[in-house]
1. Ranked highest first by the average count of other Cβ atoms within 10 Å around their residues, in what order do 25-33, 46-54 fall?
2. Which trypsin sites (Lys or Arg not before Pro) in region 1-79 pass both tests, a DSSP loop state and at most 15 other beta-carbon atoms within 10 Å?
3. Compute the long axis of helix 190-205 from its Cα atoms, compare it with the longest principal axis of the Cα atoms of the chain, and write down the angle in degrees, 0 to 90, nearest 10.
4. For a quick check: sort S79, S114 by the number of other beta carbons within 10 angstrom, fewest at the front.
5. Using the Karplus equation 6.51 cos²θ - 1.76 cosθ + 1.60 (θ = phi - 60°), what ³J(HN,Hα) coupling, rounded to whole Hz, does each residue of region 39-55 give in order, writing x for Gly and Pro?
6. For the chain, what is the calculated [θ] at 222 nm in deg cm²/dmol (nearest 500), taking -39500 (n - 2.57) for each run of four or more DSSP H residues and dividing by its residue count?
7. Can you say what percent of the DSSP beta bridges in the chain, counting only those with both residues inside, are antiparallel? Round to 5.
8. Indicate, rounded to the nearest 5 percent, the antiparallel portion of the DSSP beta bridges found entirely in region 2-118.
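Quick note: the coordinates plus some simple rules give every number you see, no bench work behind them. Everything quoted here is computed from the prediction, not taken from an experiment. Because the Cβ atoms are built from the backbone with ideal geometry, glycine has one as well, and the counts that use them run over all protein chains shown.
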Amino acid sequence: MKILIVEDEPSLREIMLRAVGREGYVVETAATFAEADARVAGYSYDCILLDIMLPDGNGLRLLERIRELRKRENVIIISARNSIEDKVSGLELGADDYLAKPFHTAELLARIRSVLRRGRSGGELTLSLGNVSLAPEGRHVEVAGRELPLLKKEFDILLYFMQRPNHLVDKAVLAEAVWGDHADDADNFHFVYAQMKNLRRKLAEAGATVGIRSVYGFGYKLTPPQSE
């Protein structure tokens, strides 16, 4: 899962980056309204940690932009301005939660997990498709009730597809979603192909009734049992 941190204060941004990154999320950052606006317009995120007070704009306006673009990102407003007006305005604009500074990183991580569960997972702790079940929070996968050990990126890829069954996913979109900024450094997609090959092999060997098939010239699609 991919998180965007929008925070102009360098030391706090670094603390948040390290704390969230240790949880296994792909993390990107923005220090200004303009930088955040460009990232939101060009990329998709599972959760955005949004500071209200930015040097070149108001975070609430960025929240409006997210909704104007019909984005589905979960948003947690983070601000030192702990007024009821800010909180109400943010929630009315579609924010999922509000966290006042100063805060403990443990609470921040708990809030992230909470909104992610309520978001793409529909509030459920486990995603299930065919005989495959995946628990995002515990990073645990089972096939027909038996644990399927996966490496970190293999798990991230499977989670991305389990949230989008039967959706055609461009390999560049997949790379950006799972690898974040590091995907831009690659001049080919060999790292995607290698991880995908291993994941598909492990699913097949475990007897999974779902499969990730290649779509020539485009990318991949997770195929549920009823569509096979």
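1. Top to bottom by mean Cβ count within 10 Å: 46-54, 25-33.
2. Taking region 1-79 and a limit of 15 other Cβ atoms within 10 Å, the loop trypsin sites (Lys or Arg not before Pro) found are R70, R72.
3. 60
4. Taking fewest neighbouring Cβ atoms as first place, the list is S114, S79.
5. 5, 5, 5, x, 9, 10, 9, 7, 8, 10, 9, 10, 6, 6, 8, 10, x
6. Helix-only estimate at 222 nm: -12500 deg cm²/dmol.
7. Approximately 50 percent, going by the DSSP bridge assignments.
8. 10
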